[in-house]
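The values are calculated or read from the model by the stated rules, or taken from the named source; none is laboratory data. Since this is a predicted model, take the numbers as computed values, not measurements. All Cβ positions, glycine included, derive from the backbone under ideal geometry; neighbour counts span all protein chains shown.
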Amino acid sequence: MVDKELLEILACPDCKGEVEYDEANEKIICCKCGLKYPVRDGIPVMLVEEAERS
Ligand SMILES: [Zn+2]
């Protein structure tokens, strides 16, 4: 589970867009460019090189 307050301060490092948490897939998804960032042990990994393009 990812902390809601943490989610609010996170931004996509690629486009600086807002992100949302995909609970079912445990991914952080950028609302703007659609990059999907992994979540490891509840910690979002906000690295472009770790992200998947959708
Ligand atoms: Zn983005």
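For the stretch 17-39, what are the residues that are within 11 Å of the ligand (Cβ to nearest atom), outside any loop (DSSP other than H, G, I, E, B) and aliphatic (A, V, I, L, M)?
V19, I28, I29
Looking only at the stretch 7-29, which residues are among the aliphatic types (A, V, I, L, M) and either in contact (Cβ under 8 Å) with a residue 40 or more places away in the chain or exposed (fewer than 13 other Cβ atoms within 10 Å of the Cβ) (or both)?
Hits for the stretch 7-29 are I9, A24.
Restricting to the stretch 40-53, and then to whatever is away from the ligand (no atom under 16 Å from the Cβ) and either of a type outside the set (A, V, I, L, M, F, W, C) or at pLDDT 95 or above (or both), can you tell me which residue is surrounded by the fewest Cβ atoms within 10 Å (Cβ to Cβ)? Let's see the steps before the verdict.
At the first step, the residues of the stretch 40-53 found to be away from the ligand (no atom under 16 Å from the Cβ) are 40-43.
Add one more test, that the residue is either of a type outside the set (A, V, I, L, M, F, W, C) or at pLDDT 95 or above (or both), and what stays is 40-42.
Details: R40: 9, D41: 5, G42: 10.
It comes out as D41.
In this structure, does L35 turn out to be surrounded by 13 or more Cβ atoms within 10 Å (Cβ to Cβ) and at pLDDT below 95?
Working: surrounded by 13 or more Cβ atoms within 10 Å (Cβ to Cβ): yes; at pLDDT below 95: no.
No, not satisfied.
Working only within the stretch 1-16, note down all residues that are within 13 Å of the ligand (Cβ to nearest atom) and either within 10 Å of the chain's Cα centre (by Cα) or in a helix (DSSP H, G or I) (or both).
Matches in the stretch 1-16: L10, A11, C12, P13.
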